[in-house]
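The values are calculated or read from the model by the stated rules, or taken from the named source; none is laboratory data. Here the structure is a predicted model, which means the values were calculated and not measured. All Cβ positions, glycine included, derive from the backbone under ideal geometry; neighbour counts span all protein chains shown.
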Amino acid sequence: MSSHREAPGISKDPVADSTDLYAFVSPDRPSTVTLVANYIPLETPAGGPNFYEFGSGVLYEINIDNDGDGWPDVTYQFRFHTRLTTPNSFLYNTGPIKSLSDPTWNSKQFYSVTRVDRRGHQLLGRNLACPPCNVGILSTPHYERNLGSKAVHQLPGGRRVFAGQRAEQFYVDLGSIFDLANLRPFQEANLFGKMAGLKAEPGVNATDRLNVHSIAIQVPISDLVKRGRPTIGVWTTASRQKVHIAAEDGGNGWPTGPFRQVSRLGNPLVNEVLIALEDKDFWNRQPPAHDKQFTHYVAHPELANLLPVLYPGVFPNLAKLDASGKPRLDLEAILLTGIPRGLIKGFTNFTGTVQADMLRLNTSIPPTRPSRLNPLGVLGGDLAGFPNGRRIQDDVVTIELRAIAGVTYPLIDPKYKVDNVAKILTDGLTGASVTNKPLTRFPYMGVPYDGYNNPS
Amino acid sequence: MPTDQFGQPASRRSVLRGAAGIGAAGMAATALAGFAGPAQAAPKPEHGRDAGHDAGHEGGPHPVVAHVRDAGTGHIELYAGTSQVHLRDKDLAERIVRASQKQVR
C-alpha cells in the first residue's frame, strides 16, 4: 500500500499511521495549493460502535520545505479532541444526525489548526467540527449535503480546511502484490503463478469500499513558496508525547513530555516498498533532511532485483542493470532531489542536492483540465501529476512499478533499452476501480462509504 | 541553544518539540499542583464532556515524570507538560531509585 501499516511499530498505532499524502495546485482555484494527509488505514465502514476518529493525543503536521534543505519552513499543525453529548450512553448516535451540532450525535470531534513558520505560531482556527463517520442511511442521511460539505471551514487568509472521514481513493491489488509480488495481469509469467497454473486476470482493488480519515487544507501558493523558488517539498508527520502514564480510573491518563515523531510520509511507497524491515520504524522517526542515510535503498531497490527473479526471462535488461551495480540515479532524482532541468522537456521539480524524501510540487505548473488528466502523471506526459506533487487520481502504483522496472532509467542513460513488459507493467487497476470517485471540489476526497451498504 | 528532537536549533521548529532519546531505567512520577497545562489544551465545553477526561484535561495538576537514566552517573530526564529537562544529580538519582524500591503499601 502507499503507506498503510508500512512499518511494524506504526502498524500498532493506526490513528497515527499516515496512509497517503497528496499535494497539487487546486484545479478549481489555481492560485492555491491543496494538501491532503490521510490517516487510519483500512477503515471498515461498519466499524462501530466506537467509530473511527483522530487521536486526541497525536500531533498531526503537514510540513513544507521551500528552500531545499529538507527541514520544514512552514508547518500546519492539527490537534483533535472528542466531546461526548450523552456520556451515559454507549451509542455513537441516539437518532439520525442531521447537522454537525445535532444533539443525537454523541461522540463529536473538534480540532484546532495552527500555522508555524520562523516568525512563530499563528492559530488559524479552533473548535472546528469534524463530520461524523458515515454510519448508515438511517443515522447519517444525506451525508454529504448535511454533514460532509458542512465540515469545510473557511480560515483567515483565503485558506480552507476539512478533517474527517473520506472514501479511500488509493487503489492497489494488495491481495496479489503481497502474495510473492504477483501481478494478476502477468501472473502466468510469475515464477510461482506459473507453477500454480494461474492465468492472467484483471486486478482486484483491495482498498475499495474502505474509508480513511483525511486532513485537507487549501492555502494560497504565497503561503508556501519562497520568492523565486516555486517548488516545494511536502511531507506529513504524526507525533506523540514521549511519556504516557496510564490512568487507573478509566480516563486517558497523562501524556507528558515533548512530542516525538512516530510516523512520516512524503512520496508514496518509499517506506512501504524500498526501506528494509529493520529500518522502517527508524525511518518513520527521521526528518527528510537525514535521508542520505537511506539512499542505498533507493539506489539499489530490492524490488528491482526481485522482478527478474520472480518473472524469469521477462526483464532481461533490468537484470543486466541490476547486475552492473550502477545506482538508480533516476529513482534518486524522482524521490530524493526532484528532477533537474533538462531531463524532461519543460519540466523540473529539482530542489537542490540535499537528498530528502519529500513530495515535490512545482507550483508554477498549472493544473491539467480534468478531461485531459493523465493518471500516469509525468510518465504519461501530464506534467501536473506525480511525481510533480500528487493528485488524488494519480496511479502511483503503476508509475512506481514501471519506474522501478527501469522505464525511467533512460533519463540517466539514453542508451538503456527498456524491457517491453516494463512499459505496460501494472497491477491491473485504474481509477475506475474506485467506487466512490473523487469530488471536483475541496476536499476532493470522495464521500465516505456508509456502514449499512458496505457492511463487510 | 536548546535543540529539537532532530538536533536542530529549537527556534527552527515548533516549541512543542524537545530533545530526543529515551532509554530504559527507573522512572518515577509525581504530581505538582499548578503546573502549566498542555500547549494545545481545549477550552472547557459548555455542553457535554470531553471524552477520556483525566486530571490534566480537567485543569488540575499535571505529572512530572523523572526518568533516572543512570543512577551511577546521576543522569535524570524530567518530563513535564511538553517539556523535557536533563539533570545530572547523583544524589537525587540515588534517592529516587531508593524511593522506588520501597514496597508500595
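Observations on the model:
- Residue match in region A:5-27 (condition: under 19 Å from A:Gly446 (Cβ atoms) and part of a loop (DSSP other than H, G, I, E, B)): yes
- Flag if A:Arg390 is at pLDDT 95 or above and surrounded by fewer than 19 Cβ atoms within 10 Å (Cβ to Cβ): no
Residues are listed down the side, and each one gets a yes or a no for (1) more than 17 Å from the chain's Cα centre (by Cα); (2) under 15 Å from A:Ala163 (Cα atoms):
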site: A:Phe24; (1), (2): no, no
site: A:Leu35; (1), (2): no, yes
site: A:Arg83; (1), (2): yes, no
site: A:Thr94; (1), (2): yes, no
site: A:Ile97; (1), (2): yes, no
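- If the condition is being of a type in the set (Gly, Ala, Ser) and touching a residue at least 40 places away in the same chain (Cβ under 8 Å), then region A:336-357 contributes A:Gly338, A:Gly352, A:Ala356.
- Selection from region A:105-131 of residues that are touching a Ser or Thr at 6+ places or on another chain (Cβ under 7 Å), part of a strand (DSSP E or B) and at the interface with chain B (Cβ under 10 Å from one of its Cβ atoms): A:Ser107, A:Lys108, A:Gln109, A:Val116, A:His121, A:Leu123, A:Arg126
- From the list A:Val298, A:Val314, the lone residue that is at pLDDT 95 or above, of a type in the set (A, V, I, L, M) and either touching a strand residue (DSSP E or B) at 6+ places or on another chain (Cβ under 8 Å) or over 17 Å from A:Asn271 (Cα atoms) (or both) is A:Val314.
Rundown of residues vs (1) over 18 Å from A:Ala333 (Cα atoms); (2) in a loop (DSSP other than H, G, I, E, B); (3) at pLDDT 95 or above, yes/no style:
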| site | (1), (2), (3) |
| --- | --- |
| A:Gly406 | no, yes, yes |
| A:Lys415 | yes, yes, yes |
| A:Val421 | yes, no, yes |
| A:Leu429 | yes, yes, yes |
| A:Ala432 | yes, no, yes |
| A:Asn436 | yes, yes, yes |
| A:Val447 | yes, yes, yes |
| A:Tyr452 | yes, yes, yes |
| A:Pro455 | yes, yes, no |
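- Cross-chain or 6+ apart pairs with Cβ under 6 Å, region A:11-25 first and charged (D, E, K, R), then at pLDDT 95 or above: A:Asp17/A:Pro41; A:Asp17/A:Ser263; A:Asp20/A:Asn38; A:Asp20/A:Phe170
- Subset tally (residues that are within 19 Å of A:Arg126 (Cβ to Cβ) and within 11 Å of another protein chain (Cβ to nearest Cβ)) for region A:39-54: 1
- Selection status of A:Gly377, at positive phi and buried (at least 20 other Cβ atoms within 10 Å of the Cβ): yes
- Those residues of region A:57-104 which are more than 9 Å from every other protein chain (Cβ to nearest Cβ), closer than 15 Å to A:Ser139 by Cβ, part of a loop (DSSP other than H, G, I, E, B) and not hydroxyl-bearing (Ser, Thr, Tyr), in sequence order: A:Phe90, A:Leu91, A:Gly95, A:Pro96, A:Ile97, A:Lys98, A:Leu100, A:Asp102
- Residue selection: A:Lys320 fails the criterion of being closer than 30 Å to A:Ala23 by Cβ, among the basic types (Lys, Arg) and more than 14 Å from chain B (Cβ to nearest Cβ).
- Residue within region A:133-140 that is more than 14 Å from chain B (Cβ to nearest Cβ) and either at pLDDT below 95 or under 22 Å from the mean Cα position of the chain (by Cα) (or both) present: yes
- Filter pass, A:Gly266 being within 30 Å of A:Pro340 (Cβ to Cβ), under 16 Å from the mean Cα position of the chain (by Cα), more than 14 Å from every other protein chain (Cβ to nearest Cβ) and of a type outside the set (A, V, I, L, M): yes
- Verdict on A:Gly446 being in contact (Cβ under 8 Å) with a residue 60 or more places away in the chain, in contact with a Lys or Arg (Cβ under 9 Å, 6 or more places away or on another chain) and surrounded by fewer than 19 Cβ atoms within 10 Å (Cβ to Cβ): no
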